[in-house]
Structures are given as structure tokens and as C-alpha cells.
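Visitor: Sharing a structure here in C-alpha cells format.
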Amino acid sequence: SNNLIRDWRSTISHVPQNIFLTDNTISANIAFGLSRDTVNQELLEKAALQAQLLDFILSLPDGFNTMVGERGIRLSGGQRQRIGIARALYKKASVIILDEATSALDNENEELIINSIENISKDITVIMIAHRISTLRKCDKIISIDNGKIVEIPKSKLFTQDNSN
């Protein structure tokens, strides 16, 4: 059963508030933890496209071989978060947990991240943890944990036609 648990864990990917980036290429940071000679370029581009990063990467002189700098210093917060999402997609995770992944971003970048999550295959389960309720407006189900009790909140209660944010 240890193998079963390990196999199950390998299908889960966590995108934290602060993405860990190495002072390496964009390619190496998306295919993080996998050896360089085995990087699947087609999968890399598909993950970048779904994370809404591909146009940005292709606009760079060195493309996927662009160095991100220490802790991703050469990238914006939104770009770092999208690398985290691309990493989860490259890993072929079936469950992606976004843990306050947009809380440090401005509204425009948060919108881009939410749009990139919408681009993700319907075969993938995305669990978003957020304090800002507007972050969750595209989610199918919204669950609140209140004093240790789990409560599902009907979306109609949170988002009316007049007040979509």
C-alpha cells in the first residue's frame, strides 16, 4: 500500500503562494526535478500554452533557454505563478492544489492566472485555496471551513449578475 500512496501522491501538484525557482532556464524551472536530457519539448510548450506563458516565452530572445535569475528575479509575480502552474501541468498532475496562488498578485495578474486555470483540461481537478472570494468565481463548488466545520456555499449566494467581482 506504500506504493499506492506514493503513486497517488505523484499525481498531485502543489502551486504555493511563492513559487520556488532556481537560477536556471525557464525550461529547467518548468521541468523542475526532471533531468535535463529528458525534457519533452512538446509537453513543455503545451504546459506553457495552458499556463498562458507561451507567447511571453517565445517573445524572449533565448525563449525557453532564458535564465530566470536567482529566485526568478527577472520575472514578474504573475509570470512566476504561471511557471508554477506550467510545472504542475508538465508533471501531468491529475490534481493541482493552488494554495493562495494569486493572493500576492494585482487584479490584472490574478485574472490572467484564473484564465490560465480555465484553460486547463477538464480531466484535471483544481483545488483553489483563497481568502479573497473573487478568486473563486470560476470554481464549480465553493467550500468554506468555519470553526472546523465544512460548509458548501451556493455560488448564487456569492456571485450575483450585478456583482460579478
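The values are calculated or read from the model by the stated rules, or taken from the named source; none is laboratory data. These numbers were taken from a predicted model, which means no experiment stands behind them. Using ideal geometry, Cβ is built from the backbone for each residue, glycine included, and neighbour counts are taken over all protein chains shown. Calculation scope for accessible area: heavy atoms of the full protein, side chains included, ligands and nucleic acids excluded. Shrake-Rupley method; radii C 1.70, N 1.55, O 1.52, S 1.80 Å.
Visitor: Just to confirm the number: angle between the C-alpha axis of helix 107-119 and the first principal axis of the chain, 0 to 90 degrees, nearest 10?
Guide: 80
Visitor: Enter the angle in degrees (range 0 to 90, nearest 10) between the Cα long axis of helix 41-50 and the first principal axis of the Cα atoms of the chain, meaning the one along which they spread out most.
Guide: Helix 41-50 sits at roughly 30 degrees to that axis.
Visitor: Follow-up question, since we're still on this one. With an 8 Å cut-off on Cα pairs and a minimum separation of 6 or more residues, tell me the relative contact order of the chain in percent.
Guide: Working: 223 pairs, mean separation 42.3, N = 165.
It rounds to 26 percent for the chain.
Visitor: Where does each of 44-52, 20-28 land if you order them by average Cβ count within 10 Å, highest first? Present the calculation step by step, with values, prior to reporting the outcome.
Guide: Working: 44-52: 21.2, 20-28: 17.9.
Listed from highest to lowest mean packing, they are 44-52, 20-28.
Visitor: In whole Å, what are the extents of segment 1-65 along the principal axes defined by its C-alpha atoms, from largest to smallest?
Guide: Largest first, segment 1-65 extends 48, 29, 23 Å along its Cα principal axes.
Visitor: Among the listed pairs Lys46/Lys155; Lys122/Lys157; Lys92/Lys157, which have their C-alpha atoms separated by more than 29 angstrom in this model? Each step should come with its number before you reach the end.
Guide: Numbers: Lys46/Lys155 31 Å; Lys122/Lys157 25 Å; Lys92/Lys157 34 Å.
Check vs 29 Å cut-off fails for Lys46/Lys155; Lys92/Lys157.
Visitor: Just reorder Arg132, Arg74, Arg80 by solvent-accessible area, largest first, 1.4 Å probe, all chains present.
Guide: Per-residue accessible area, sorted high to low, gives Arg74, Arg132, Arg80.
Visitor: Further, regarding this structure: Top mean-square fluctuation among Ser144, Ser134, Ser94, Gaussian network model of the chain, C-alpha springs under 10 Å?
Guide: So, out of Ser144, Ser134, Ser94, the one fluctuating most is Ser144.
Visitor: Take the alpha carbon gyration tensor of segment 68-165, find the square roots of its eigenvalues, order them as a ≥ b ≥ c, and report rounded if a/c is under 1.5; if not, report prolate when a/b exceeds b/c, else oblate.
Guide: Here segment 68-165 falls in the prolate category.
Visitor: Scan around Leu98 for amide H atoms under 5 Å from its own, H built in the peptide plane at 1.01 Å from N, and keep only partners 5 or more places away or cross-chain.
Guide: Under 5 Å from the amide H of Leu98 lie the amide H atoms of Val15, Ile127, Met128, Ile129, each far enough along the sequence or on another chain.
Visitor: Considering only DSSP beta bridges where both residues belong to the chain, give the percentage that are antiparallel (nearest 5). Before the final figure, lay out the partial values.
Guide: Working: 6 of 15 bridges.
So the antiparallel bridges in the chain amount to around 40 percent.
Visitor: While we're here: Kindly report the accessible area of segment 25-157 per residue (heavy atoms of protein chains, probe 1.4 Å, no ligands, DNA or RNA), in Å².
Guide: The answer is 58 Å² per residue.
Visitor: Something else about it: Per DSSP helix of 4 or more residues, -39500 (n - 2.57); summed, then divided by the residues of the chain. What does that give at 222 nm, rounded to the nearest 500?
Guide: That comes out to -10000 deg cm²/dmol.
Visitor: When the accessible area of the chain is split by element with a 1.4 Å probe, what percent falls to carbon and sulfur?
Guide: About 49 percent, which is the carbon plus sulfur part of the accessible surface.
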